[in-house]
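The values are calculated or read from the model by the stated rules, or taken from the named source; none is laboratory data. Just so it is clear, the structure is predicted and the values come from calculations on it, not from any experiment. All Cβ positions, even for glycine, are placed from backbone atoms using ideal geometry, and neighbour counts span all protein chains on display. The protein model used for the area step is the full one, side chains on, heavy atoms only, and it has no ligands, DNA or RNA in it. Shrake-Rupley method; radii C 1.70, N 1.55, O 1.52, S 1.80 Å.
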Amino acid sequence: MAVTHAGVRAWPLLAVLGAGLFLVAVDATVLHVALPDLVRQLRPGAAAQVWIVASYPLAAAPLLLPSATLGDRFGRRRVLVTGYAVFGVASLGCALAPGVPALLAARTTLGVGGALIMPVTMALLRELFPDRRRRRTAIAVCSGIAGTGSVFGPVLGGVLVQVWGWRATFLVNPPVILAAVVAALRWLPRSPPGRAPWDALSAVLAAGGVLGIAAAVGPSGGGFAAGAAGCVLLALFVRRQRRAETPLLDLALFGRPGVPAAAGGILLVMSTLVGLGLLLAQYLQVVLGLSPTAAAARLLLVLGASAAGSVVAPALLERFGTTRVRTAGFALAAAAFGIPAAGGLVSPWWLGGALAGSGFGMALALTSSTDTLLSAAPADRAGGAAAVEKTGYELGAGLGTTAFGSLAAAVYAAHLVLPPGVPDAAARLASAGPAQAEAAAHDFAAATELLTAARAACTASVQVAASVACGLFAVAALFSALRRADV
């Protein structure tokens, strides 16, 4: 079926693509609220808990560029359907996992499936919507799906955990994936395979380089050696791309106006959205005492505002251009994060305004950045541009979880003042985090004072994390504003 003929069904096909993209985005954060129930059943150690959350995005990130170019070489529909199949089987593996090792293996495989789905989905937008105005609308829809999916993950997780338990968070995937496979095979156009050979060595260098950097800042701290190895592999990858007649990634893409800023914007938005979202989910439950469902419902403010931002973004892009819209998104997010940074966490009105403002601003920044990346690449190399975008998504999700989590843990430990009379075992447990302090505050005289101290330390940690996010977005807005506006 020709691509032009597929244009008749482009919008229904967008729903098919969006369904898979939504599940991939949801699974990056669905365990944020579900993790306590999982811990009670499987009893993973502290390091294993972090890996259970972070293994999915950190497994996907190094595979995005190779899988995207697989779509350019062997056909995007074929790679997309394969990704759907892997994702569906891995979801069943997560739901049925008897223990922590099996769950970690299944979560990692889930990341492989997500890496096959995400960049090919975005590259297909370039194929299904050759008109830039219609493509901007489609991009806004998919960016909104990805952004709101990450926010909706804790909401879905909270509801499912409270009703059925943590395993249900994975059982929702297979039926949707099965329907997406059937629809894709029936209606999605076959994109002709590329003629250029697929450079497997470049794919290995790219994957190894990204994985090395991810391991350096990952949950177990790979340290300097992993980071240095990753940088060396990426340097070799860049050298090979410059010399290759048909490179895996067209490095000229990064020389085009707005592309480096767009890639950095995606990384910043996703790291903050996922990393700070995890801390806020914990704050709402431990400090404010909300149930998992009630805490997740508060986060719907981010989802609703993000959806609104995605709806208005195409018109704003048409009127003002991507650079101005991206700058405005950065600035609005910085202002929103300034509210909790200044102490607005206690008031539900101030906190609600911060959540809504940050969601709207990040949606503008995300949509404009994606439009810049996908429009900068020719149609036959759209997979590489989509891979850059989705690498920013997954690296942001994985690194945001670890970076903001490490920062919050350090601030929490520094601000926790243990009252006298706390048993040593309870003190050690409480020092590990606010949720652990809540579990430790039982059956001794100073339990109430310990819980109060833990809540105060948790509030301080979220304030500091919000201050960092505010500063990062303010700097991003300044740099974006100093660049020449594009059209």
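Residues of segment 416-466 being part of a helix (DSSP H, G or I), of a type in the set (V, I, T) and under 30 Å from G338 (Cβ atoms), which ones?
T452, T459, V462, V464
Of all residues in segment 137-154, those satisfying the criterion of being open to solvent by 10 Å² or more (accessible area, probe 1.4 Å) and modelled with pLDDT of 70 or more are T137, V141, I145. The set of residues in segment 293-302 being surrounded by 23 or more Cβ atoms within 10 Å (Cβ to Cβ) and assigned to a helix (DSSP H, G or I) consists of A295, A296, V302.
Restricting the search to helices (runs of 4 or more DSSP H) fully inside segment 42-115 and requiring at least 2 residues that are surrounded by fewer than 17 Cβ atoms within 10 Å (Cβ to Cβ) and in contact (Cβ under 8 Å) with a residue 40 or more places away in the chain gives 46-60, 76-95.
The residues listed here are L280, L332, L290; of these, the one that is over 15 Å from the mean Cα position of the chain (by Cα) and outside any helix (DSSP H, G or I) is L290. Within the set L288, L276, the sole residue that is modelled with pLDDT of 80 or more and closer than 17 Å to Q162 by Cβ turns out to be L288.
Among residues of segment 338-365 that are hydroxyl-bearing (S, T, Y), those with a Cβ under 6 angstrom from a residue that is open to solvent by less than 10 Å² (accessible area, probe 1.4 Å), sequence gap 6+ or separate chain, pair up as S358/A333; S358/A336. Scanning segment 428-487 for residues that are open to solvent by 50 Å² or more (accessible area, probe 1.4 Å), modelled with pLDDT under 85 and of a type in the set (S, T, N, Q) turns up S431, Q436, T448.
Answer yes if at least one residue in segment 47-55 is at pLDDT below 75 and not aliphatic (A, V, I, L, M), and no otherwise. Yes.
Taking (1) modelled with pLDDT under 75; (2) outside any helix (DSSP H, G or I); (3) surrounded by fewer than 24 Cβ atoms within 10 Å (Cβ to Cβ) in turn, A28 satisfies each apart from (3).
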